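> Here it is: the structure, laid out below.
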Amino acid sequence: MSAGEKHGFSVIGQPLPKLDAWAKVTGETRYADDMVLPRMAHAKLLRSPHAHALIRRIDTARARALPGVYAVITGADLPRVKFGILPVSQDEEALCTERVRMVGDAVAAVAAVDEETAEQACRLIDVDWEPLPALMSMEESLAHPEIRIHEYGDGPNVHKHVALQFGDVDAAFARADLVREDTFYYEGSTHLPMEQHAAVAQWGADGKLTLWSSTQTPHYVHRSLAKILAVPGAHIRVVAAPVGGGFGGKLDPFAHEIAVCQLSRLTGRPVKIALTREEVFYVHRGRHPVLMWIKTGFTKRGDITGCHLKTWLDGGAYGSYGVASTFYTGVVNPASYKMPVYKFEGARIFTNKPPCGPKRGHGTPQPRFALEVQIDKAAEELGLDPADMRRRIVTEPFTKTANHLTVTTTGLAECIDRVVEASRWRERRARPRARGARKRGVGFACSAYMTGAGTAIYWNAMPHSGVVLRADRSGAVALLCGATDIGQGSDSTLAYLAAEVLGIAPKDVHVHPADTTLTPVDLGSYSSRVTLMCGMAAIQAAERLRGALFEAVAKKLEVPPGALVARDGKIGVADDREKALPFAQAVELGEAMHGVLAFPGSYAPPKRAATFRGGTMGQSPCYSFSAGIVDLSVDEETGEIAVHDVWIAHDVGRALNPLLVEGQVEGSVYMGIGEALMEEQVFRKNLHKTPSMLDYKSPTALEMPEIHTILVETDDPEGPFGAKEAGQGPLLPIMPAIANAVYHAVGVRIDEVPITPDKILRALDQKRRGGPGRVGPEKLPLLAPREPLVVESAFGQPAAAVVVRPFQTERLA
Amino acid sequence: MMRLPPFTYVAARTLAEATAALAEHGHAAMLVAGGTDLYPNMKRRQFEPRVLVGLRGIRELSGVRGSAREGVTLGAGTTLSTVAAHREIATHYPALATAAGLVSSPQLRAMGTIGGNVCVDTRCNYYNQSFEWRRAIGFCMKKDGDTCLVAPGSTRCWAVSSSDTAPALVSLDARVRLVGPGGERTVPIAALYRDDGIEHLAKTREEIVTDILLPPADEWRSTYLKLRRRGSFDFPVLGVAVAARLEGDVVRGARIVLGAVASLPRSAERAEAALIGRRLTPEVIATVADLAAGPSKPLDNTDFTHPYRKKVTRVFVARALRAIGGLDAGGSAVEEVA
Ligand SMILES: Cc1cc2nc3c(=O)[nH]c(=O)nc-3n(C[C@H](O)[C@H](O)[C@H](O)COP(=O)(O)OP(=O)(O)OC[C@H]3O[C@@H](n4cnc5c(N)ncnc54)[C@H](O)[C@@H]3O)c2cc1C
């Protein structure tokens, strides 16, 4: 039994402001770009103007001669090693030596007295290019196997090609009353964090390197730097500066980080770099454009008999997380609904564009869009209400999916009921409303998402998250953890968890975010893993500390340790408030008894991945679920869409801090509206069409609807005090719910995002002329299918509630 | 971040000082008022003036004088927020107040001036890009190059007039006063514009726009509709300004001006003519809207597709006419669910 269950919570469940809220709003927070060090130089990168070209020669003489320039480097000044976030895709160079594969690839770097001089010097670097044909779409890349963007992969310009089959899909379709085949397209989009990437490197006089960077994965950056710079990891320190928004865009090791390290080594000065917004568009790693074909069998009552999904991902110029992204377009969909038979084929294609990677929802919004819009179409054909239809087929708790994922708790049914009720769905659905050209409609969709990836990026048997807690005689507690707070509030959440267990105020907990020399490793702020994994580690460390304090206090008060509780800043006998010591005094007693009070906590996910190849993908300790309803209106004359209300219910397991969870849900809705209605990372004549915040359209506060957030708690046995993720899942229903609401409003199907006014008018025109009233992909790329790996469907098998977790045995005992 | 190129700033205190500074530095100098258009453009190296002559310190340039009865004069240095919030303007020249209030964002309206807005640079999404971007794609004729990337083979530049107030002012038959080394002149605002993306202003570099003069309101009704992706920030990709004078319900005077579909604010003259002497019936509105969409010839160099901008021209003209006629404008109000 965990601490919180012995008595009511005191911190958990409270809508507390984030610990860093004051610093953020007053401008006290020091981001990487706010750092100023003595003698600091400023760096700039020279980036490729070509989408695909060979580098014949680089002459830096004119740049080096410019007054104020300290150093100019090219790839020749770095060890010749390629890197990449995934061990299977080591295909990047910090400064390209022979070939560039996209506009924006870095080829040289300058350190100078100020940014202006560095920029001017970059323009004085002469590069002799030999342009190559650029492949700007998946179709082009597949049609031109003779032009290879990379030499590795599963085929010419095919980075990854996977095929998995769980059960007999043909038999499943034969059993169905209705089989639908639909194609969808999901346009790429970028993260658009407020803070542009920045880094400061200091190669000290002692020969050791420190890098401060706005990164979501300091641990992976640490490992990469050791490899790329060929220096011992023991002499490299990576500190995650406060991150002004990440959303997945700061998850890779980047050229600018490596360049400033090398420039600092050469100049003997600290070197800073801050990317421009345009450069952030080139760094990218955002949402993959995905083309999809989905075939699903339904019974008359709306049961799914089986589903076959094919996805084609436009990966851009490098691997990045692409192998994971490819799997994620297939493996997570089955978690939400009963889907006894499942087949998935996915291919990621290289193109000469900025690399795609993990953006909030990583690989899952695209297939979720396809599935949820298809279900909407099926519901109409079957004469079923789209909400009722889904409500009947939600997955059973503690069972496995066809593709061997273990679903523990699921609150999806409750999520559906709650949004249906709160929005008066049936009423809105039944009564189409219009005012002049404005037609109103409502749409529905659901989703599921992982709470942390079950496996690390590199294979290892160590913890995924670690925490060290040290109690100070003042009564303060220092919490050291390798996690990075990217705005999601992980520092605060860790403080709440430790405070809850120790019975102190969150303000008394000092969280030291990622600093690779001080903090135990956490793998990074991705895949919605931090609250669960670091949280479990923090609870373990806090319980260990509390155990030591109980021992000392018990001796002093002459009671058994089991009689003690930690609450309200005191440790004492549960029912006797007189018999209690202030926390600080308990620490003194504890330190006198045990010596320094420092305790570790470790967490690694339960090992229950299936053994087939690819079986680890999508495995997570538990899954979050969401249901969303969108009410909008469509102007039939202009095609403009106004979103009025969004009701969203999210199964978060337990809301450790409902205020933060609501913030995550609202942010997700915001991002979802952007992807559904306007965001697109598109290219023209080999260049990014809109690399600025003015021209890349992302919604403003004025486009935001009223959001009605409902939190559903299922108290998952895998999560810290029952918590699951909240940062990504609630994004997923928004895009399909909007598409479905558009159909309800004006009767046209826009089977792709963004759903722009132009597409609405085209579909309406088409419908008026007797056509189907649909805008969406018409063609699928040519790529020979791959023989699938056939695995037995695990659908419906009972799954263990809590299996043995590495490093957590003592807690469970 | 993107950095400004180096320049010298001359803080003029009188018009005479400003014109003298312009004359002294010739082509090296430019005027700057709120700087909300010019500074971002300088960061992208669309302009590289070595001297900037600042107008902010010139008292005589700001303020609104007069009344709707005798006509209103706006100093060029008046901020857009002042114009948008001005009672007399909002009541009697609603197209102007609306247009000024729809420019960009509240922050930029607090800095940006009406003079800067009527002189604002034309835009094109091949041109409003960083120096590196433009170099990568190949410089266009508007800056540093000699071709047009929107219409290759074209001998002229097709950058788009992107001022919100310009079409509104043309529809209101405003005039502008210019002061230059040779003295001052006052011209109809339509005469300030040229159909050329590069030389889009019919004035010399030394001439300063000092005032914008609105004629007596004289029962003219007006309205302005703006097409853009979002409710703030965005430049117009279509602006429709309509002004009309009705006697009873018969139209006696009409001006329909389209913004952001050409290199200058474009008057839809045939549509205007078709309105005179008519009542604003649905049939008349439909015919006039079709006629007005004729001169709307957008190219693929702004946000949204150009066929879409053309389609919406028709819709917006019809909506503007319905608003002027006091008919249900359609598409504006949204019914609440019971
Ligand atoms: C993000 C963003 C969004 C924007 N959105 C819009 C929009 O929606 N609609 C819109 O119309 N504009 C928009 N703008 C452009 C600009 O903010 C406005 O046009 C503003 O009114 C310009 O006024 P200013 O005083 O800042 O002009 P400045 O930037 O100071 O000057 C603009 C130009 O006018 C010249 N100039 C200024 N004053 C005079 C004068 N008195 N006589 C002669 N020449 C003069 C300058 O030399 C310069 O060439 C936007 C700008 C940005 C950065």
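The values are calculated or read from the model by the stated rules, or taken from the named source; none is laboratory data. Computed from a prediction, not measured in an experiment: that's the story for all the values here. Here the Cβ positions follow ideal geometry from the backbone for every residue, glycine too, while neighbour counts run over all protein chains shown. Accessible surface is based on the protein model in full, side chains and every heavy atom, while ligands, DNA and RNA are left aside. Shrake-Rupley method; radii C 1.70, N 1.55, O 1.52, S 1.80 Å.
> Using only protein heavy atoms and a 1.4 angstrom probe, determine the accessible area buried between B and A, summed over both sides, in Å² to the nearest 100.
Heavy-atom accessible area buried at this interface is about 4100 Å².
> Long-range amide H contacts for residue B:201: which residues qualify at under 5 Å (H placed 1.01 Å from N, peptide plane, sequence gap of 5 or more or a different chain)?
Those qualifying (amide H under 5 Å, at least 5 residues apart or on another chain) are B:194.
> Which value, in nm² and rounded to one decimal, describes the direction-averaged projected area of the C-alpha convex hull of chain A?
34.6
> On to the next question. Taking each residue in B:308-315, count the Cβ atoms of any other chain within 10 Å of its Cβ, then average. What number comes out?
Shielding by partners across B:308-315 averages 4.
> Order B:126, A:152, most accessible first, counting only protein heavy atoms with a 1.4 angstrom probe.
Greatest to least solvent exposure: A:152, B:126.
> Accessible area of residue B:175, 1.4 Å probe, to the nearest 10 Å²?
Spelled out: residue B:175, probe radius 1.4 Å, area about 100 Å².
> For a test of the definition: using alpha carbon positions, the gyration tensor, and the 1.5 limit on a/c, classify region B:188-330 as rounded, prolate or oblate.
Judged from the Cα gyration tensor, region B:188-330 comes out oblate (a/c at least 1.5, b/c at or above a/b).
> Are there trypsin sites (Lys or Arg not before Pro) in region A:537-624 that DSSP marks as loop and that have at most 12 other Cβ atoms within 10 Å, and which are they?
Here the trypsin sites (Lys or Arg not before Pro) that fit, given the DSSP loop and packing criteria, are A:577, A:613.
> Using modelled amide H (1.01 Å from N, peptide plane; none on Pro or chain starts), what sits under 5 Å from the amide H of residue A:724, excluding residues fewer than 5 places away?
Amide H to amide H, under 5 Å and 5 or more residues apart or across chains, residue A:724 pairs with A:653, A:654.
> Count neighbours as other Cβ atoms within 10 Å of each site's Cβ, and list the trypsin sites (Lys or Arg not before Pro) in region A:127-196 that are DSSP loop with at most 15 such neighbours.
Answer by residue number: A:148.
> Compute the longest continuous run of chain A that contains no exposed GluC sites (Glu not before Pro); treat a site as exposed when its DSSP state is not H, G, I, E or B and it has at most 16 other Cβ atoms within 10 Å.
A:152-557
> Whole angstrom only: what separates the Cα centroid of region A:751-811 from the Cα centroid of region A:228-244?
With region A:751-811 and region A:228-244 each reduced to a Cα centre, they are spaced 38 Å.
> Follow-up question, since we're still on this one. Which whole-Hz ³J(HN,Hα) couplings does region A:258-270 yield from phi under the Karplus relation 6.51 cos²θ - 1.76 cosθ + 1.60, θ = phi - 60°, glycine and proline marked x?
Values, residue by residue: 5, 4, 5, 4, 5, 5, 5, 4, 6, 9, x, 10, x Hz.
> Under 5 Å between amide hydrogens, which residues at least 5 positions from residue A:604 or on another chain qualify, with H placed 1.01 Å from N in the peptide plane?
For residue A:604, the qualifying residues are A:464.
> Which residue, chosen from A:132, A:26, A:617, occupies the Cα position most advanced towards the positive end of the dipole of chain A, where the dipole is computed from +1 (Lys, Arg) and -1 (Asp, Glu) charges on Cβ about the Cα centre?
It is A:132.
> Could you state, as a whole-number percent, how many of the C-alpha pairs of region B:1-59 are farther apart than 13 Å?
Cα-Cα pairs of region B:1-59 separated by over 13 Å account for 57 percent.
> In whole Hz, with x marking every Gly and Pro, tabulate ³J(HN,Hα) for region B:118-133 from phi via Karplus 6.51 cos²θ - 1.76 cosθ + 1.60, θ = phi - 60°.
For region B:118-133, the Karplus-derived couplings read 6, 9, 4, 5, 6, 10, 7, 7, 9, 10, 7, 9, 5, 4, 4, 4 Hz, x marking Gly and Pro.
> I've got another one for you. What number, rounded to the nearest 500 deg cm²/dmol, is the helix-based mean residue ellipticity at 222 nm of the protein assembly as shown, given -39500 (n - 2.57) per DSSP H run of at least four residues and division by all its residues?
-8000 deg cm²/dmol
> Count the net charge of all other residues whose Cβ sits under 13 Å from the Cβ of residue A:32, scoring Lys and Arg as +1 and Asp and Glu as -1.
-1
> If you don't mind, there's one more thing I want to ask. Find, among the trypsin sites (Lys or Arg not before Pro) in region A:713-810, those assigned to loop by DSSP (not H, G, I, E, B) with at most 14 other beta-carbon atoms within 10 angstrom.
A:769, A:779
> Kindly tabulate the residues in region A:230-276 with an accessible-area decrease of at least 10 Å² between the chain alone and the assembly of all protein chains, using a probe of 1.4 Å.
Correct list: A:276.
> Whole-Hz ³J(HN,Hα) for each residue in region A:228-236, computed from phi via Karplus 6.51 cos²θ - 1.76 cosθ + 1.60 with θ = phi - 60°, x for glycine and proline: what do you get?
6, 8, 6, 10, x, x, 5, 9, 10
> Follow-up question, since we're still on this one. Hey, what's the protein assembly as shown come to in accessible area per residue, 1.4 Å probe, Å²?
35
> Have a look at region A:697-719 and report residues whose accessible surface goes down by 30 Å² or more when the remaining protein chains are included, against the chain on its own, probe 1.4 Å, ligands and DNA/RNA excluded.
Residues meeting the cut-off: A:697, A:700, A:702, A:703.
> Oh, and also: How large, in percent, is the carbon and sulfur part of the accessible surface of the protein assembly as shown at a probe radius of 1.4 Å?
53
> Roughly how many Å is it from the Cα centre of region B:224-256 to that of region A:428-459, as a whole number?
36
> Give the average, rounded to an integer, of partner chain Cβ atoms located within 10 angstrom of each Cβ in B:227-236.
Taking the mean over all residues of the peptide, I get 5.
> Are any of the pairs A:759/B:310; A:439/A:767; A:507/A:556; A:310/A:759; A:160/A:400 more than 19 Å apart by Cα-Cα distance, and if so, which?
Violating the 19 Å Cα-Cα cut-off are A:507/A:556; A:310/A:759; A:160/A:400.
> Checking buried surface per residue: for region A:392-432, which residues lose a minimum of 10 Å² accessible area in the protein assembly relative to the chain alone (1.4 Å probe)?
SASA drop of 10 Å² or more in region A:392-432: A:424, A:427, A:428, A:431.
> At a 10 angstrom cut-off on C-beta neighbours, averaged per residue, how do the peptides A:309-320, B:154-165 rank from highest to lowest?
A:309-320, B:154-165
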